[in-house]
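Q: Before we start, here is the structure in question, set down as structure tokens.
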């Protein structure tokens with residue numbers, strides 16, 4: 001206790017000497033408020049004033065700037081729930097044989113699609129497993145804003161001829177027949193070169209395989225839920241199934257990260273990075289060096305990029321990884337302003353509250 005009291009006395013003597021010499025400003029009531037002034041303004045920049053909120057939305061994938069958000073969700077049913085499949089092949093006996101899936105409540109621009117099916121080859125009166133990597137697809141969207149039962153669809157609004165190398169193939173290792181490991185569920189993914197938007201969120205989609213070098217056929221498999229409405233062309237209309245498909249829109253991350261100064265703390269005295277005790281002023285008193293520590297995190301999905309530490313608006317350190325701390329060991333006596341800027345990988349940034357400190361370092 002005696003040692004701490006001596007240290008307190010020594011520190012206050014030093015501060016008093018500097019005050020008396022006019023090196024530090026007088027600390028009366030008005031000056032104290034000026035020194036302790038803290039800005040509460042958080043600043044951030046992004047490409048749009050709209051703040052992105054993705055509560056309860058399904059995330060499929062992400063990249064450095066945003067993510068694909070699910071806006072239509074009909075994944076495949078598992079084999080043990082019972083399976084049905086419907087051919088959607090341009091040259092499967094009928095020129096123009098198609099399976100249409102009804103779309104509903106699709107609000108937003110469609111920019112990516114995922115669908116599931118079987119890749120089969122017809123041989124000797126039966127189907128055997130084929131090679132999905134060679135499949136080309138026609139993908140067509142139809143707008144049907146007022147009448148769900150208007151089948152077949154009439155108003156085609158977008159058509160894509162997708163080559164095999166542009167489709168991402170995923171082998172799910174889920175089989176129509178788990179005993180023989182035959183007829184695997186194949187997942188196909190494609191990012192549209194241009195977005196598609198439906199009037200009132202209602203419409204149709206058709207995905208057909210075509211011109212496969214091995215002669216494989218694409219067969220839709222049913223989804224596990226939906227509105228139980230689809231349409232089969234050149235065959236009996238089908239109104240009691242849904243094909244397995246998902247649609248996605250793309251969302252940019254527009255939310256700035258969160259940032260604050262952890263050390264130094266308000267109303268605290270430090271001696272060579274050691275936190276000693278509190279004092280009456282809100283402003284920290286720093287004698288010697290100190291580690292400035294920053295808390296920073298990205299509340300959204302893109303992740304943190306880097307943190308800058310600024311002293312009197314001059315960038316002193318750029319920190320790319322946690323922990324975000326930097327040793328301030330420069331000589332100086334006076335009043336200094338500390339703040340931090342945190343940047344996420346999408347370029348959004350936030351500025352911490354500014355902290356005004358008193359610093360004394362002569363050697």
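The values are calculated or read from the model by the stated rules, or taken from the named source; none is laboratory data. These numbers were taken from a predicted model, which means no experiment stands behind them. Ideal geometry is used to build each Cβ from the backbone, glycine not excepted, and the neighbour counts take in all protein chains shown.
Q: Among the listed residues 169, 186, identify the single one that is in contact with a helix residue (DSSP H, G or I) (Cβ under 6 Å, 6 or more places away or on another chain), in a strand (DSSP E or B), over 25 Å from residue 227 (Cα atoms) and at pLDDT 90 or above.
A: Only one candidate qualifies: 169.
Q: Would you confirm, using the coordinates I've provided, whether residue 239 is in the same structural domain as residue 164 (by TED's automatic domain parsing), touching a strand residue (DSSP E or B) at 6+ places or on another chain (Cβ under 8 Å) and without any contact (Cβ under 8 Å) to a residue 60 or more places away in the chain?
A: Values: in the same structural domain as residue 164 (by TED's automatic domain parsing): yes; touching a strand residue (DSSP E or B) at 6+ places or on another chain (Cβ under 8 Å): yes; without any contact (Cβ under 8 Å) to a residue 60 or more places away in the chain: yes.
Here the answer is yes, as residue 239 does meet what is asked.
Q: How do the pairs read when you match residues in the range 165-177 that are assigned by TED's automatic domain parsing to the domain that holds residue 77 with residues anywhere that are at pLDDT 95 or above and exposed (fewer than 13 other Cβ atoms within 10 Å of the Cβ), using Cβ under 8 Å and keeping only pairs 6 or more apart or on different chains?
A: none
Q: Within the range 97-126, which residues are surrounded by fewer than 20 Cβ atoms within 10 Å (Cβ to Cβ), touching a strand residue (DSSP E or B) at 6+ places or on another chain (Cβ under 8 Å) and closer than 21 Å to residue 84 by Cα?
A: Scanning the range 97-126 gives 97, 121, 122.
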